[in-house]
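Structure first, commentary second.
The values are calculated or read from the model by the stated rules, or taken from the named source; none is laboratory data. As the structure is a computational prediction, the values presented were derived from the model and not from experiment. So basically every Cβ, Gly included, is an ideal-geometry build from the backbone, and we count neighbours across all protein chains shown. The area values use the complete protein model at the heavy-atom level, side chains included, leaving out ligands, DNA and RNA. Shrake-Rupley method; radii C 1.70, N 1.55, O 1.52, S 1.80 Å.
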Amino acid sequence: MIRLRVRVARGLFCVPYLLAALAALPGLVFAQVGGVDVDTVRAGRFDGGKMWTFEYAPADYFSETYGFDANEVWFERARMAALRIPGCSASFVSPNGLLATNHHCVRSRVSAVSRPGEGLLDNGFYATSLADERPIPDYYADQLIAIEDVTDEVYTAIDGVQDVGERERVRGDVFAGIQARLAERHASGSGSDSVWVQMMALYNGGRYSAYVFRRFTDIRLVMAVELEMGFFGGDPDNFTYPRYALDFAFLRAYGSDGRPYQTEHHFGWGVDGVEEGDVVFVIGNPGPTNRLNTVAQLEFLRDVQVPAQRAWLASRHRAMGAFREGHPAEAEALDIRNRMFSLSNSLKAAIGRLDALHSDLIMAKRRDAERALRQRIGEQAELSMQYGDLFDRMAAVQRQKGELAESYGAFFQLAHPQYGSQSMRRLVAAFRFAASRAGNAPQDSLADLRDAVLSIGDHPPDLEQRLLAERLADIERYLGTDHEITRAVLMDGTPVASAAALLAHSSLASSDDTRHAMEQGEPSPDDPGLVLIRALVPAYLEFRSAFARLLAEERELGSQLGRVRFDVYGRSVPPDATFSPRITDGVVMGYEYNGTLAPPYTTFYGVYDRAHAHAGKVDWALPERWRMPPTGLDLSTPLNFVSTADTYGGNSGSPAVTPNLALVGLNFDRNINGLSRDYVYLPEQGRNIMVDVRAVHASLDHVYDADRIVQELLTGRLLATETEADAIREKGEGRSRK
């Protein structure tokens with residue numbers, strides 16, 4: 001029996017949610033086990049998730065389920081206090097533009113603002129004064145200030161246009177007009193550097209919204225913990241729970257006047273935290289999901305796309321790791337460590353997605369959801385006539401994509417700028433330049449193509465050789481050893497030997513050699529780089545063209561499916577995630593796993609248990625100031641906690657708030673069971689993992705001596721220096737508001 005103690009506020013028992021929670025637990029617990037009677041599996045009410053949009057806010061559901069007034073004002077406060085930053089989410093936590101997010105969201109930016117000899121990534125950073133807050137180059141934060149439903153305007157323009165390419169062109173023209181109109185309307189008085197409008201396709205294009213963002217481009221680093229604390233447990237603990245990571249950082253948004261941005265929209269500092277059974281709302285920007293895909297689309301993902309992604313991620317991580325092991329200093333200078341973190345995170349996620357796609361339970365749920373929608377469409381003659389063949393047409397597109405499976409794997413991420421071979425990118429660009437010149441392209445176009453070739457830089461030689469060898473191995477693996485392309489590119493027998501030979505003898509192997517060759521005229525026709533690329537690029541371009549055509553057709557079919565799904569279900573089913581602002585609800589709750597219980601939250605005691613149990617292991621090493629428990633730090637303070645909230649990649653840094661909009665946690669991960677959320681939301685064991693603000697507060701107070709920030713969080717008062725904050729603390733002031 002499962003018992004839930006659900007409380008919206010201290011002492012308030014929420015009966016409606018208890019009933020809803022019990023109804024959502026059908027007795028089928030997600031696990032990769034056999035024996036599932038697929039004929040009895042039925043889709044659940046929330047299988048499509050709870051990533052609610054603000055334009056279709058679930059006001060009645062929140063109010064009825066959790067016993068508070070989730071009105072329009074409440075949703076506006078929640079939306080305006082949350083922000084989107086590159087790849088992640090954040091939130092205002094003071095009236096002075098102070099932002100809270102995850103450490104891993106700004107990890108590379110911490111390196112970027114480090115001065116020679118500082119090593120802020122390893123040592124941590126705290127600006128003891130406003131003047132010390134460090135501007136982050138090429139960074140921004142977006143605040144969603146307005147939303148306009150433009151569905152009718154878009155469909156009025158594109159309905160009746162039959163050609164797929166023409167529909168995309170007309171749609172693009174309509175988008176541009178809407179963006180220009182709304183940007184002009186909202187531009188004045190923004191208080192930030194700019195306002196911009198993003199067109200958002202919801203339900204795969206079944207609905208369209210225009211999102212108006214206020215963009216802050218003056219973002220400064222205020223505080224970041226050491227990497228060893230922010231990423232405690234490293235890759236082995238990633239996507240696991242219990243966890244013990246202090247994954248937080250603070251930034252500040254400055255206005256166009258160069259001063260800290262003043263805002264009335266910010267979350268309170270919930271230093272009292274939450275307990276098991278409490279409801280939390282997580283507000284952020286989950287990355288794209290595939291919950292509304294057809295079963296045929298999921299089967300293509302299972303059989304072709306995700307396996308290729310998994311293999312590519314594993315091989316590039318392996319290449320980066322080998323280079324870092326052999327050249328540690330050079331790797332650190334190139335930030336290879338952070339790049340490997342990103343690869344390993346994506347790799348684990350890909351493994352989890354592939355496991356989910358092989359789950360009988362999940363696929364049975366998706367088939368039942370598709371059956372139900374087909375039935376609803378068939379019950380209405382008008383819908384059946386217009387949309388009745390969509391599923392069959394989508395399945396036909398997937399079969400055609402499947403016919404390109406070998407090419408998909410061989411050419412996947414062929415020209416990736418960070419994790420791909422630079423010489424391969426250069427050769428592809430050189431081929432395009434040569435083909436355009438042979439076709440008598442205009443001189444200005446040729447000049448641009450030539451610049452594109454010369455702009456491609458170099459990896460270190462050892463790393464470049466490893467990445468090029470991995471690409472050649474991809475071609476051999478997917479096309480086979482007897483394929484004419486494989487025989488042409490493996491000129492020296494193996495991927496490793498062929499990569500070494502090409503880099504040793506091609507005049508296009510490095511940026512300097514390429515510049516010299518292009519200044520002297522065309523390279524020799526026998527240049528090994530040109531031999532390789534003449535065999536490879538025509539097939540690559542043919543594949544890209546064919547696959548792009550199928551993707552365009554798939555998008556149009558998906559849009560029509562989204563349109564009919566909205567006609568049938570309305571806003572009761574949230575759209576797929578699109579890295580756009582969403583709000584999701586959940587309850588703080590542990591779960592059963594591996595024959596034991598995962599607790600609702602962990603404490604600092606666990607940090608020292610893990611550190612000592614894994615003594616000598618770098619992933620659980622502690623930074624200097626943490627090696628002995630800091631004076632005054634209560635080790636029983638909650639550190640990480642979990643809830644059933646529906647989060648995904650992109651939700652990192654998302655604020656977790658109470659019904660009174662007090663910040664109680666920062667979302668930073670999911671557990672292994674939550675990796676299936678790309679395709680279905682299953683709250684039985686899936687959990688999102690958050691840093692508890694009680695741990696953030698305690699570490700600021702007792703470890704980092706960051707009184708300036710503590711005072712601002714508690715009182716909203718902006719203090720210029722740490723000295724000023726210390727004086728206030730000595731007087732016993734500014735410690736009461738929570």
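For the range 530-594, the Kirkwood estimate of hydrodynamic radius, built from reciprocal distances between every pair of different alpha carbons, is 16.7 Å. Distances between placed amide hydrogens fall under 5 Å for Arg207 paired with Leu202, all partners being 5 or more residues away or on another chain. Computed from the C-beta positions of Arg42 and Glu379 and an R0 of 22 Å, the FRET efficiency is 0.75 to the nearest 0.05. Estimated translational diffusion coefficient (Stokes-Einstein, Kirkwood radius over Cα pairs, 4 °C, 1.567 mPa s) of the range 227-340: 66 µm² per second.
Between amide H atoms placed 1.01 Å from N, distances below 5 Å from Tyr593 occur with Ala598, all of them 5 or more places distant or on a separate chain.
The phi torsions of the range 59-74, fed into the Karplus equation with coefficients 6.51, -1.76 and 1.60 and a -60° offset, translate into couplings of 4, 5, 4, 4, 4, 6, 6, 10, x, 9, 8, 7, 8, 4, 5, 4 Hz, rounded to whole numbers, with Gly and Pro shown as x.
What the phi angles of the range 142-159 give under the Karplus curve with 6.51, -1.76 and 1.60, with θ = phi - 60°, is a coupling list of 10, 10, 7, 9, 7, 9, 9, 6, 10, 4, 4, 5, 5, 6, 4, 7, 9, 4 Hz, glycine and proline written as x. Ligands, DNA and RNA left out, the 1.4 Å accessible surface of the chain is 50% carbon and sulfur atoms. Computed extension gain for Asp132 through Ala504, at 0.36 nm per residue and net of the alpha carbon distance, reaches 129.1 nm.
Based on the Cα gyration tensor of the range 510-633, what are the three equivalent ellipsoid semi-axes, each the root of five times an eigenvalue, rounded to whole Å and given largest first?
51, 38, 14
Legend: P(r) of the range 28-162 from all alpha carbon pair distances, 5 Å bins from 0, whole percents, reading 2, 6, 11, 12, 11, 11, 11, 11, 11, 7, 4, 2, 1. Protein heavy-atom accessible surface, 1.4 Å probe, per residue over the range 382-532: 48 Å².
Of all lysines in the structure, the ones whose alpha carbon falls short of 19 Å from that of Lys50, not counting any fewer than 8 places away in one chain, are Lys365. Of the options (1) 33.2, 117; (2) 26.2, 87; (3) 27.0, 81, only one is Rg and Dmax of the Cα atoms in Å as computed from these coordinates, and that is (3). Derived scalar couplings between HN and Hα for the range 641-653 equal 9, 10, 8, 8, 4, 8, 10, 7, x, x, 7, 4, x Hz in order, rounded to whole Hz, by the Karplus curve 6.51 cos²θ - 1.76 cosθ + 1.60 (θ = phi - 60°), x for Gly and Pro.
For the range 333-408 and the range 248-301, what is the separation of their C-alpha centers, rounded to whole Å? A separation of 25 Å, based on Cα centres. Estimated at the nearest 10 Å², the accessible area of Arg353 is 40 Å² with a 1.4 Å probe. Cross-link partners of Lys617 among lysines, defined as those whose alpha carbon lies under 24 angstrom from its own and excluding same-chain residues fewer than eight positions apart: Lys348.
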